[in-house]
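Below: the structure, in structure tokens.
The values are calculated or read from the model by the stated rules, or taken from the named source; none is laboratory data. Nothing here was measured: the structure is a model prediction, and the numbers come from that model. With ideal geometry, Cβ positions are generated from the backbone for all residues, glycine too; neighbour counts draw on all protein chains shown.
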Amino acid sequence: MIRQDFPIFKKRSGSKSLVYFDNAASLQKPQAVISAVTSFYQNSYANIHRALYPLAEEATNLYENARQVVASFISADSEEIIFTKGATESINLVARSWGESNLRRGDRVVISWAEHHANIVPWLQLKEKIGIRLEYIDLRSDGSIDMKSALVKLSLPRVKLMSVTQVSNVLGIINPVDKLISLAKSKQIITLVDASQSIGHFPIDVKKLACDFLVFSGHKLGGPTGIGVLYGRKNILDKLPPFLGGGDMIESVRYNGYTPAQVPRKFEAGTPPISGAIGLAAACKYINHIGWKKISKIEKELTEKFFEGLVSHSYIRLLGNNKDKLPIFSLIIDNVHPHDAADWLGQEGIALRAGFHCAQPLHKYYNISATLRASLSFYNSKSEIDYFFKKIAALHKYFTK
Amino acid sequence: MDIWAANIMDHYRHPRNTGQIKSPDFKADGANTSCGDLISVSLSLENERISKIRFISQGCAISQAAMSILSDALIGHSINEVGAYGLDFVEKNIGIKVSDRRQNCALLGLRTIQKAISNKI
């Protein structure tokens, strides 16, 4: 039983067991991750890359092994993996390091309307700072990417970067990033894939995708918070200026200058999140142990089951009604504000998120004030979906009478 | 009493004092950006005391009901008194304790009224 690998569900069982439908915000932690982090602190802890004593060597090896595990998880080379605080920092690193050294006033960055704030605000900051132009690829009414609009936007003059999400955290729809990347490549546009939402749901191969950058956060994969990844193509990373300055990112420092270290350390200033990296590697191994085939099968069944529930509850509207999606559902319930629904259902043991889900422009695009989001993962069950719809029916009845 | 008590639901379904005052002494718009709740209030004064409140809003049951209840409860209060009110005052008037996660909802109306007053001053 996969669910038993997650201690939080053991502690919260009984009459009000935890129905955790907030996986798009963060995945719960398997014991394997908790144990890896605990064991590191109990048995192997020291700072890395600095001292010559054996314990420090052990810690350094654990950290660098973690990089290798994460690299092979997305089919990258380990020197192409930069550990960051999360997807947000990874995108900011690209914006500041690549963006500020490659973009000029009037250059264009293309994103889509499906982005979350982490893939909007760093570009708006560059708009303020150097006067770049930000273009949004339109979505169709079912929430999928409008490929005609993509062609139009990517064909505009001076498009230098396309930064798009593989799966929107609101819509759950799987975007055709491979097609978008080939289109961008044919126009010599640098590409960034935001895998924040896709990373825990299906395998990602950066070599096959042929993207230049890819980012994700560890915690959405079952790893700890405070660790994330920036994948960058080696020949691009080599040319980029450092992002943050400090210890560990330098080859040498003189009183009036410095020489940066080689990648990936050039981008990892200061003591990095060592336990975070070790925990993330444990999460990658855990996912591999469960297997993508099994994960896909479970999540597909959950998605189908959820769609069945929607059909029999006509007062619930789904934002982005497209079947090619992960089990992420942003809902609008007649007569019930999403906040009231999330609070009410929370008292029934169901964890959901209500609001904009860090994607305010997307809600504006569809002219919706807020939504209630149920996001499921491979440890959820069909009986939890039944319970959810039963409680929603009671809620709707109370608010409608 | 819980937050779905009858009086809350009654004010949510049938909010009192909706609309706007044509030439108000104070007015302001407020929003909870994290959840999309919006509110627009206008107030009239007589002898430095609130004599009339009208509001237009969209939002959850708590923010709507709290605003509706306050639109009656604040009549006759001085602007200095209103400026000093906080969560305690709202809870006393709506008749329930508000959980931490719903405080922004419960306070949206009061904060917007306070904003209207301070805009003027």
Notebook entry, point to check: Looking at A:Leu310, A:Leu318, which one is closer than 30 Å to A:Asp146 by Cα, touching a Ser or Thr at 6+ places or on another chain (Cβ under 9 Å) and either at pLDDT 95 or above or away from chain B (no Cβ under 14 Å) (or both)?
Noted result: A:Leu318
Check: Conditions: (1) at positive phi; (2) touching a helix residue (DSSP H, G or I) at 6+ places or on another chain (Cβ under 6 Å). A:Gly246 meets all but one. Number of the miss?
Finding: (2)
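Scanning the range A:324-342 for residues that are over 12 Å from A:Ala374 (Cβ atoms) and more than 12 Å from chain B (Cβ to nearest Cβ), which turns out farthest from the chain's Cα centre (by Cα)? Talk me through it step by step, then tell me what you get.
Of all residues in the range A:324-342, those over 12 Å from A:Ala374 (Cβ atoms) come to A:324-325, A:332, A:334-337, A:339-340.
In the following step, the residues that additionally are more than 12 Å from chain B (Cβ to nearest Cβ) were identified as A:324-325, A:334.
Numbers: A:Asp324: 18, A:Lys325: 15, A:Asp334: 30 Å.
Only one residue tops the list, namely A:Asp334.
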Next item on the list: Starting from residues that are small (Gly, Ala, Ser) and either touching a residue at least 24 places away in the same chain (Cβ under 8 Å) or touching a Gly at 6+ places or on another chain (Cβ under 6 Å) (or both), keep the ones in the range A:49-70 and report whichever is surrounded by the fewest Cβ atoms within 10 Å (Cβ to Cβ).
Entry: A:Ala59
Note to self: Any residue at all in the range B:73-89 that's part of a helix (DSSP H, G or I), in contact with an Asp or Glu (Cβ under 9 Å, 6 or more places away or on another chain) and either surrounded by 20 or more Cβ atoms within 10 Å (Cβ to Cβ) or of a type in the set (Ser, Thr, Tyr) (or both)?
What the structure shows: yes
Next item on the list: Among the candidates A:Ala95, A:Ala114, single out the residue that is assigned to a helix (DSSP H, G or I) and within 15 Å of A:Leu192 (Cβ to Cβ).
Entry: A:Ala95
Notebook entry, point to check: Does the range A:96-113 contain at least one residue that is within 25 Å of A:Ile290 (Cβ to Cβ) and touching a helix residue (DSSP H, G or I) at 6+ places or on another chain (Cβ under 6 Å)?
Noted result: no
Notebook entry, point to check: Just wondering, is there one or more residues in the range A:187-199 that are under 23 Å from A:Phe83 (Cβ atoms), surrounded by fewer than 24 Cβ atoms within 10 Å (Cβ to Cβ), touching a residue at least 40 places away in the same chain (Cβ under 8 Å) and of a type outside the set (S, T, N, Q)?
Noted result: yes
Checklist line | Filtered residues of the range A:161-217 (kept if among the small types (Gly, Ala, Ser), under 17 Å from A:Ala359 (Cβ atoms) and not in a strand (DSSP E or B)) | finding: A:Ser168, A:Gly172, A:Ala195, A:Ser196, A:Ser198
Check: Residues A:Tyr231, A:Tyr258: which one is in contact (Cβ under 8 Å) with a residue 60 or more places away in the chain and not in a loop (DSSP other than H, G, I, E, B)?
Finding: A:Tyr231
Checklist line | Selection from the range B:1-33 of residues that are without any contact (Cβ under 8 Å) to a residue 40 or more places away in the chain, among the polar types (S, T, N, Q) and within 13 Å of chain A (Cβ to nearest Cβ) | finding: B:Thr33
